[in-house]
Amino acid sequence: MGTVTLLVLVLAFTSTTVARSKVQFTRFRSWNSRMYPVWRDGDSRFRNCWTGGNVSFEVRNDAPTLTGAKATFNIDLNFPTNQSVLPDGQVVWARNCTVDGRDYVEGQAVYADRASGSRGVGVFPDGSSFNRTQDRKPRYVFVWKTWGRFWQVADGPSSSLSIDTDNVPLGSYKMEVVIYHSRGDDQFIPLGYASTQFSITDQIPFTISLNQINDVNQNDQSFIQNRAIAFNVRLHDPSQYLGSSDITFNWDFGDQTGTLISRDLSVTHTYLSPGAYKPKVVLMATIPNACAETTAVGVVAVELAAEVEVTAENEPAQVALVLTKRQAPEAPADCTVYRYGSLATSVEIIQGIESVEILQVSNVVSLTTELGQNAVDLTISCQGSLPSEVCTVVSDADCVTPVETVCGVALPSPDCQLVLRQFFNGSGEFCVNVSLTNDVSLAVTSARVSVTVGSSGSPAGTAATVLGVMVIVGIMGTIGLMYR
């Protein structure tokens with residue numbers, strides 16, 4: 001019972017490149033192969049392209065991407081364990097070591113910066129230049145490829161790329177990337193290839209979480225009747241494409257109570273009868289100015305005919321759910337676009353412990369009662385299903401600092417009543433909290449009591465004194481707090 005998270009079209013994938021997986025990469029006609037060589041599969045130079053061990057790549061994307069929104073791809077380079085990355089992106093030896101007969105010291109650069117000439121300026125594979133605000137040229141160039149195009153990014157060992165998806169048919173695609181490392185002004189060495197699967201959809205991706213107060217088991221889909229359930233929607237919109245949209249949510253909770261239309265991301269609903277239900281929500285987004293022109297910033301995209309196709313061996317990417325490619329609906333003349341999304345789930349509504357109340361507080365007279373203690377019986381009544389466990393917490397008069405906690409098996413009568421015996425070692429005012437639980441629910445109540453320890457003498461005399469001075473200061477109703 002508790003939180004249920006559902007995801008529409010979960011198509012975001014991660015692939016970590018190791019050494020042997022099929023990745024197709026295309027070199028384009030304008031490619032500067034002298035500066036950016038493309039090595040074929042099995043080329044022995046790959047084994048020694050990085051001193052100290054292998055470099056692996058972790059590639060991610062934020063799919064599923066709503067058509068018209070930006071798709072973002074991220075890559076992180078993972079270096080050998082005996083190397084570390086400085087804040088400026090320089091890779092250094094993490095400790096003193098010897099590799100292939102050569103000694104290295106901690107903090108020494110794995111590859112010294114040998115660039116000269118115009119600092120901060122470099123050339124991409126297609127001949128276009130890149131500039132950076134820092135005082136030195138980026139050490140890595142990432143060339144991303146999909147849809148017959150490629151994008152060039154100069155960056156550090158962690159990088160990202162965002163691309164537009166306008167006019168791209170819906171479906172599942174592969175983004176490939178080749179990673180180059182700078183070894184001077186005019187030479188970049190390929191470190192390897194990686195890929196990740198992503199998707200474009202015209203259905204708004206979102207998740208729903210279900211929460212209920214005093215939910216004992218937050219991992220199932222069972223909830224208590226006569227208690228509000230919160231339905232929370234979380235849109236998957238990392239590029240904020242829907243930021244200026246008007247979004248409405250049409251809720252049908254499956255219990256014949258009608259339809260709720262809301263613009264809020266969170267709504268509540270209370271099921272009055274036990275049973276199985278299938279709540280469903282349909283959302284509609286009205287997106288203004290969707291046909292306005294957008295441009296990519298910060299990368300160079302090239303679309304040219306392919307000349308040479310090279311196959312490299314790397315770790316296989318995870319298999320994606322392949323969607324049938326189809327063209328997204330065109331925007332109407334007023335440039336307003338409507339996008340929809342829907343999601344349904346199943347919930348089980350069961351009867352829980354609906355309430356608990358302390359009916360009576362009375363002291364106990366017994367020759368077996370230990371001298372200096374006051375035994376008090378608490379008569380408890382509850383409504384709903386029967387409890388299986390009971391806990392009593394005795395705190396100070398302000399109900400802040402716990403003094404004693406006792407838990408045990410609850411043995412209520414068929415009409416849900418039970419008597420709890422509580423001992424007090426001292427006199428004064430105390431706050432007594434009683435909680436009843438079973439496999440599906442929790443109910444809590446509190447009472448403040450005043451206790452006076454009897455004078456020295458027989459146990460019976462002490463009990464009689466307590467009987468005369470005990471006062472119930474107040475009884476509080478059921479509260480929605482779990483205190484243990």
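The values are calculated or read from the model by the stated rules, or taken from the named source; none is laboratory data. The structure presented is a predicted model; accordingly, all values stated were derived computationally and were not measured. Note: ideal-geometry Cβ built from the backbone for every residue, glycine included; neighbour counts use all protein chains shown.
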Taking the range 437-454 and the residues there that are among the small types (G, A, S) and either modelled with pLDDT of 90 or more or not in a loop (DSSP other than H, G, I, E, B) (or both), the one that is nearest to E348 (Cα to Cα) would be A443
With L11, L6 as the choices, which residue is at pLDDT below 95 and crowded, with 16+ Cβ neighbours inside 10 Å?
-> L11
Which is in the same structural domain as P64 (by TED's automatic domain parsing), basic (K, R) and at pLDDT 95 or above, of K174, K137?
-> K174
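Matching residues to (1) farther than 14 Å from I75 by Cβ; (2) of a type in the set (D, E, K, R); (3) not in a strand (DSSP E or B):
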| site | (1), (2), (3) |
| --- | --- |
| V153 | no, no, no |
| V168 | yes, no, yes |
| E176 | no, yes, no |
| H181 | no, no, no |
Residue tally, condition assigned to a loop (DSSP other than H, G, I, E, B) and surrounded by 14 or more Cβ atoms within 10 Å (Cβ to Cβ), over the range 229-250 = 7
